[in-house]
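**Student:** Pasting a structure here, questions to come.
Only the coordinates and a few stated rules stand behind these numbers; no lab work does. These numbers come from a predicted model, not from an experiment. So basically every Cβ, Gly included, is an ideal-geometry build from the backbone, and we count neighbours across all protein chains shown.
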Amino acid sequence: MLLEKPADPSLMRTLTSLPTAGTLAKSRNPSSSKSPATTARGWSAERTKGWADPSEIGVSWAERLGAQRMTRMQNGKNRFMSHLLEALSTRSARCRNDTRNPGVEGELGKDADRLLRGSPPRTLEIPMRIASLILFVLMLGDLSSLTAQSLARDPEIVAALKRIDAGRIEKDIRKLVSFGTRHALSSQDDPDRGVGAAGSWIKSELEKAAAASEGRMTVSFDPFDPRDFAGRDRERVDGMGVHEIRNVIAKLEGSEPDRVIIVSGHYDSRCGQRWDVTSDAPGANDDGSGTAVVMELARALAPVKTRASIWFACVTAEEEGLWGSSHLAKFCDENDIVVEAMITNDIVGGAKDKNGFSEDHVLRVFSEGRPQARPDSHPRRKRQARWPSESDSPSRELARHTARMMELYTPDFRPRLIFRLDRYLRGGDHRPFTLLGYPGIRLTEPKENYLQQHQDVRKEKGVQYGDLPDEVDFAYVARVARANAASLLGAARAPRPPRGVRLLAALTNESTLFWKKTDDPSVKGYRLLMRRTTEPRWSRRQDLALVDEVTVPESKDDWLFALQAVDAEGRASLPTFALPGRRRR
């Protein structure tokens, strides 16, 4: 829009003194031939002032202020419109009565009248600031209900979290310990001792949980040959005579079954010696705690209807080299299964360290950034290795999503984002998935006790060694399960992530994003996420209408962008990071 004659200084002074709603951004709906709609950046931004660590901002704070913020926004909008309409009325009357230049001012006056009536102007000579502010307020009105809902919690998720029971979790962990050892290559057919008995019991418990799913949950063993993943230990494994071991998987089918979200824990254990299959290896924390989380999640989530399918995987042979999860990841890849998220729970018992210190209000969330790729890496991983941002891999976006869901649904249980694949020089069952380019994160307690992990059960000089259940904080494990439930359902009940999100590769001081518009009728809009390159978390959120392009007056040098699809209930998809792209002619 161009202004052929300088704007009336008094009008511009009035407008610049109005309560604005943020810097403007332009949205274009390709189905409309009207002028570009204009919306604002930053009006729903989270404020981090006063927080020591931006990665630990709690939505408990946002929730407390959510209702007041929406009320203030609506009141501010009403005052803004009142001032703006008054200014435009004055401008319209002045332009109609101006005889010095009726050709220009007269048309501007008529256009002001048309805008006041809600009609588009006939000329493009209305000052950009006036038209932009009007269009922004109109769009804000259309999106106000969506924004209000985005601050609310999904009652189905709240109900699922309430079903999680620390008492059941304690019983599950103690039962797992009762099998003596769960070494992946221990007895497969003893009814009372060994990994075979443990796997059969887990399957029976998951089948009980499936009864609440109305036929949507199925439970099965997932057998495989451990020699296929043993690598240089193949001959040793072959000599031990165990040629089949089993994952146990419960699959809760969603209304969009081509989308899959996986949560796992490993039910095998070990003592001090890696290949000792007979000595007691209680594995209460590593990883009876993670297995109990998965089992309790299956019980709590079975009644919930989801869009994406959720797989509850109790995998084996993690201690030998991630064999069970490697088999599962390979199966997903070979069968073209779209794994939107993979969360593994390993050592989530909330144990105190050797000095007795515990952080029972914190959960560590590990995620890999931009991956390194080798010539033989999976094509998905190779593509991610070329991404222009070091900290926006699919796994990193999943970690941010998990943190946000925890802040919304478990505000007293803080996520601590750790920006590395796993603990120093160690690994977990999410790694085989990330190697294949799938989003994967690891959840674990903040303080590990190395007097318990991978130890023979014994007492020396008054110090107890071994991974025993009395060292597990069962209430903490229940909190971990609730954090999982919030993240899983937050993704599984939301629309699928937007596709083809691109940041226009043009040398400008503004940033234009465009994407493939969804054909999902449940999607009512999108949410633009923004953060500065130095920020660990998305710090600004802007709700958009059902458009396929937005331009933000911020430099792509300084900002990073992602997009979420949002349904009518305010449920937002996992974010899709904006990659560089050009429009196809």
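**Student:** Can you tell me the equivalent ellipsoid semi-axes for segment 323-449? Use √(5λ) from the Cα gyration tensor, largest first, whole Å. Intermediate results must be reported in sequence, preceding the final value.
**Tutor:** Numbers: eigenvalues 147, 50, 38 Å².
Equivalent ellipsoid semi-axes, largest first: 27, 16, 14 Å.
**Student:** Give me the extension gain from Phe419 to Leu451: residue separation times 0.36 nm, minus the current Cα-Cα distance, reported in nm with one decimal.
**Tutor:** 8.9 nm
**Student:** Now for a separate question. Multiply the residue gap between Arg426 and Ala385 by 0.36 nm, knock off their C-alpha separation, and tell me the result in nm, one decimal place.
**Tutor:** Length gained, Arg426 through Ala385: 12.6 nm.
**Student:** Moving on. So for Lys461, Lys162, Lys517, fewest C-beta neighbours within 10 Å to most, what's the order?
**Tutor:** Working: Lys461 4, Lys162 11, Lys517 18.
Going from least to most buried by this count: Lys461, Lys162, Lys517.
**Student:** Next question. Give me the extension gain from His243 to Ser522: residue separation times 0.36 nm, minus the current Cα-Cα distance, reported in nm with one decimal.
**Tutor:** 95.7 nm
**Student:** Between Asp412 and Glu235, with labels modelled 7 Å along Cα→Cβ, what's the label distance in nm to one decimal, could you check?
**Tutor:** It is 5.8 nm.
**Student:** On a 21 Å Cα-Cα criterion, which of the cross-link pairs Lys162/Lys305; Lys330/Lys517; Lys382/Lys517; Lys251/Lys305; Lys354/Lys459 come out too long?
**Tutor:** Lys330/Lys517; Lys382/Lys517
**Student:** Moving to a separate point now. Could you sort 334-347, 501-514 so that the peptide with the highest average Cβ count within 10 Å comes first and the rest follow in order?
**Tutor:** Going by the mean number of other Cβ atoms within 10 Å, highest first, we get 334-347, 501-514.
**Student:** When all C-alpha to C-alpha distances in segment 376-453 are sorted into bins of 5 Å, what percent of pairs does each bin hold, rounded to whole numbers?
**Tutor:** Spelled out per bin, shortest first, that is 3, 13, 20, 23, 19, 11, 8, 3, 1.
**Student:** How large is the Kirkwood hydrodynamic radius of segment 151-231, in angstrom, based on all distinct alpha carbon pairs?
**Tutor:** 15.4
**Student:** Would you mind working out the magnitude of the charge dipole of segment 302-421 relative to its Cα centre, with +1 at each Lys and Arg C-beta and -1 at each Asp and Glu C-beta, to the nearest 20 Debye?
**Tutor:** For this selection, approximately 460 debye.
**Student:** Please tell me the relative contact order of segment 476-565 in percent, rounded to the nearest whole number, where contacts are Cα pairs under 8 Å and at least six residues apart.
**Tutor:** Rounded, it is 32 percent for segment 476-565.
**Student:** Bin width 5 Å, origin at 0, all Cα-Cα pairs of segment 439-574: what percent of pairs per bin?
**Tutor:** Whole-percent P(r) values from 0 Å outward: 2, 8, 13, 14, 13, 10, 8, 6, 7, 6, 6, 3, 2, 1.
**Student:** Within straight cross-link reach of Lys556, meaning Cα distance under 20 Å, which aspartates and glutamates are found once same-chain residues fewer than 8 apart are removed?
**Tutor:** Leaving aside aspartates and glutamates fewer than 8 places away in the same chain, those within reach of Lys556 are Glu390, Asp392, Glu397, Glu510, Glu535, Asp543, Asp548.
**Student:** Using 1/(1 + (r/R0)^6) with R0 = 60 angstrom and r between the beta carbons of Thr508 and Ala212, what's the FRET efficiency to the nearest 0.05? Kindly include the intermediate steps, with their values, before the conclusion.
**Tutor:** Numbers: r = 54 Å, r/R0 = 0.90.
The formula returns an efficiency of 0.65 here.
**Student:** Per residue, how big is the convex hull of segment 202-250 when only Cα atoms are used? Give it in Å³.
**Tutor:** 69
**Student:** Between segment 213-256 and segment 323-383, what's the alpha-carbon centroid distance in Å?
**Tutor:** Taking the Cα centre of each part, segment 213-256 and segment 323-383 sit 18 Å apart.
**Student:** Taking a ≥ b ≥ c as the square roots of the Cα gyration tensor eigenvalues, with a/c under 1.5 meaning rounded and otherwise prolate when a/b beats b/c, else oblate, which class fits segment 429-485?
**Tutor:** oblate
**Student:** Once R0 is set to 60 Å, what does the formula 1/(1 + (r/R0)^6) return for the Cβ-Cβ distance between Val362 and Arg583, expressed as a FRET efficiency to the nearest 0.05?
**Tutor:** Details: r = 45 Å, r/R0 = 0.75.
Between Val362 and Arg583 the formula returns 0.85.
**Student:** Still on this model: Quick one: if you stick a label point 7 Å off each Cα along the C-beta vector at Ser220 and Asp557, how many nm between them?
**Tutor:** So the two model labels end up 5.6 nm from each other.
**Student:** If you place +1 on the Cβ of every Lys and Arg, -1 on the Cβ of every Asp and Glu, and leave all else neutral, what size is the dipole of segment 504-585 about its Cα centre, to the nearest 20 Debye?
**Tutor:** Dipole of segment 504-585, to the nearest 20 debye: 200 debye.
**Student:** Report the relative contact order of segment 171-275, percent, no decimals, based on alpha-carbon pairs under 8 angstrom and at least 6 residues apart.
**Tutor:** 27
**Student:** Next question. Rounded, prolate or oblate: which fits segment 212-353 when a ≥ b ≥ c are the square roots of the eigenvalues of the alpha-carbon gyration tensor, with rounded for a/c under 1.5 and prolate only if a/b beats b/c?
**Tutor:** oblate
**Student:** Among Arg381, Arg416, Arg299, which comes first, second and so on when ranked by fewest other beta-carbon atoms within 10 Å?
**Tutor:** Arranged by neighbour count, lowest to highest, Arg381, Arg416, Arg299 become Arg416, Arg381, Arg299.
**Student:** For Lys459 and Asp336, FRET efficiency with R0 = 51 Å and r from the beta-carbon atoms, rounded to 0.05? Please report the intermediate quantities before stating the final value.
**Tutor:** On the way: r = 52 Å, r/R0 = 1.02.
Plugging the Cβ-Cβ distance into 1/(1 + (r/R0)^6) gives 0.45.
**Student:** Among Asn449, Leu435, Val477, whose Cα sits farthest toward the positive end of the charge dipole of segment 389-477 (+1 at Cβ of Lys/Arg, -1 at Cβ of Asp/Glu, about the Cα centre)?
**Tutor:** In segment 389-477, that residue is Leu435.
**Student:** Still on this structure, I have one more. Averaged over every viewing direction, what's the projected area of the C-alpha convex hull for segment 369-417? Give it in nm², one decimal, please. Mind dumping the intermediate values first?
**Tutor:** Details: hull surface 15.4 nm².
Computing the convex hull of the Cα atoms and averaging its projections yields 3.9 nm².
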